[in-house]
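Okay, so here's the structure we're looking at.
The values are calculated or read from the model by the stated rules, or taken from the named source; none is laboratory data. Bear in mind the structure is a predicted one, so any value in this text is a computation, not a measurement. Because the Cβ atoms are built from the backbone with ideal geometry, glycine has one as well, and the counts that use them run over all protein chains shown.
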Amino acid sequence: MNNGTNLESLFINERLTNVEFIQTLVSRQFLTDLSYVIALTQPTYAKKDLFRLGQNADGGYVLAPEFQANLCLNLGVGYEVTADLDLIGLGFKIFAFDGTVPNPLPGEISYVFTQKNIGYSKGDQKVIDLRTVFGENPELEDLDLILMDIEGHEYEVLKKELSFITKAKQIVVEFHGLELLGDQRFAADLIEILKGISKSHSPIHVHGNNAGGALLLGGASWPTVLEVTFLRHEFCTNEVKNGIFPTSLDFPNISVRPDIDLTPFYGEKKTYASLSRTVLGIS
């Protein structure tokens, strides 16, 4: 790498699809930031039992059955559409956006596809912002569900248009690049986003995507990609869910690799912290 490369631009602004950030060394700051992220994504119990949508692999989601208008906004579709098909089977109308693929369900009248990415580059005909999407589709004000898997671009969308995202009763986000938590700017942005979501929604499910990497912390593996389901407060209890993760509803995104055990981070005893703190001299 050229010593003159702007690393901040490389890490933050020029992220490549499906390529994780270069690993940040574990430090006191990393552990501090990680503890905030865990606290803000610690699942609570939904009032209704969760269920799985989509295939038992990458492309599946764990949700609460809290649907009223049967409307979904899917940001980042790709070619894996088993979750979309399940939603259509439940009577959903789906507004889907992805500028990288053609319509994966042509002819499906309940599937309104736009070949554009959610973005903010002026003059780029391949991007559209959420303000425009909601303005052109007023029925989305009653949105039940948002699915967001946009390969690292979720941070810009969540920072700029969180007020539109939180209109949905339920939100599923795939957070990428979590090995950068030791980076002050990245961590501050992520924590601020999670605090913003927490004003209206509670996390109800977490799952580590084993398609990404993992950081070893005190004998535990912290994923670089984390899937989180959020649900509006009124559909949740106040009881913290300290159970085993992955749950019986979870499956590895890539079947040839073992799933990532998040229990050391989200279980009642957060065992990842003890050895890590000892090694770093943190009381």
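Looking only at residues in the stretch 222-264 that are of a type in the set (Ser, Thr, Tyr) and out of contact with any Asp or Glu (no Cβ under 7 Å at 6 or more places or on another chain), which one is nearest to Thr41 (Cα to Cα)? This residue is Thr229.
Under the condition of being under 28 Å from Ala211 (Cβ atoms) and of a type in the set (S, T, N, Q), which residue from the stretch 104-160 is surrounded by the fewest Cβ atoms within 10 Å (Cβ to Cβ)? Result: Ser121. Among all positions in the stretch 128-139, there is at least one residue which is small (Gly, Ala, Ser) and over 26 Å from Asp33 (Cβ atoms). Scanning the stretch 272-283 for residues that are in a loop (DSSP other than H, G, I, E, B) and not aliphatic (A, V, I, L, M), we see that the one that is modelled with the highest pLDDT is Gly281. Checked against (1) in contact with a Pro (Cβ under 8 Å, 6 or more places away or on another chain); (2) surrounded by fewer than 21 Cβ atoms within 10 Å (Cβ to Cβ); (3) of a type outside the set (Asp, Glu), Asn210 passes all but a single condition, namely (2). If you go through the stretch 171-189 and keep only what is out of contact with any helix residue (DSSP H, G or I) (no Cβ under 8 Å at 6 or more places or on another chain) and buried (at least 21 other Cβ atoms within 10 Å of the Cβ), you end up with Val172, Glu179. In the stretch 154-197, which residues are of a type in the set (S, T, N, Q) and within 14 Å of the chain's Cα centre (by Cα)? Thr166, Gln170, listed by residue number. Out of Thr224, Thr247, one residue alone is of a type in the set (S, T, N, Q), in contact (Cβ under 8 Å) with a residue 40 or more places away in the chain, within 26 Å of Gly54 (Cα to Cα) and in contact with a helix residue (DSSP H, G or I) (Cβ under 6 Å, 6 or more places away or on another chain). It is Thr224.
The number of residues in the stretch 50-76 being under 14 Å from Gln170 (Cα atoms) and of a type in the set (Asp, Glu) comes to 1. Could you please let me know if Val37 is touching a Pro at 6+ places or on another chain (Cβ under 6 Å) and not acidic (Asp, Glu)? It is false that Val37 is touching a Pro at 6+ places or on another chain (Cβ under 6 Å) and not acidic (Asp, Glu). When the stretch 53-67 is filtered for residues that are out of contact with any Phe, Trp or Tyr (no Cβ under 7 Å at 6 or more places or on another chain) and either at pLDDT below 95 or of a type in the set (D, E, K, R) (or both), the ones remaining, listed by number, are Asp58, Gly59. Take the conditions (1) part of a loop (DSSP other than H, G, I, E, B); (2) closer than 21 Å to Val62 by Cβ; (3) at pLDDT below 90; Lys269 misses just one of them, which is (2).
Table: residues versus (1) touching a Leu at 6+ places or on another chain (Cβ under 9 Å); (2) modelled with pLDDT of 95 or more; (3) in a helix (DSSP H, G or I).
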| site | (1), (2), (3) |
| --- | --- |
| Ser121 | no, no, no |
| Ile146 | yes, yes, no |
| Leu162 | no, yes, yes |
| Ile191 | yes, yes, yes |
| His207 | yes, yes, no |
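Say we look at the stretch 79-100 and pick out the residues that are assigned to a loop (DSSP other than H, G, I, E, B) and surrounded by 14 or more Cβ atoms within 10 Å (Cβ to Cβ); which of these is farthest from the chain's Cα centre (by Cα)? Checking each candidate, the answer is Phe92. Take Leu231 and tell me if it is in contact (Cβ under 8 Å) with a residue 24 or more places away in the chain, among the hydrophobic types (A, V, I, L, M, F, W, C), in a loop (DSSP other than H, G, I, E, B) and surrounded by 16 or more Cβ atoms within 10 Å (Cβ to Cβ). Taking the combined requirement at face value, the residue does not satisfy it. Residues that are closer than 17 Å to Glu174 by Cα, at pLDDT below 95 and not acidic (Asp, Glu): does the stretch 103-114 have at least one? Looking for residues that are closer than 17 Å to Glu174 by Cα, at pLDDT below 95 and not acidic (Asp, Glu), one finds none in the stretch 103-114, hence no.
Within the stretch 58-69, at least one residue is in a loop (DSSP other than H, G, I, E, B) and farther than 17 Å from Leu90 by Cβ.
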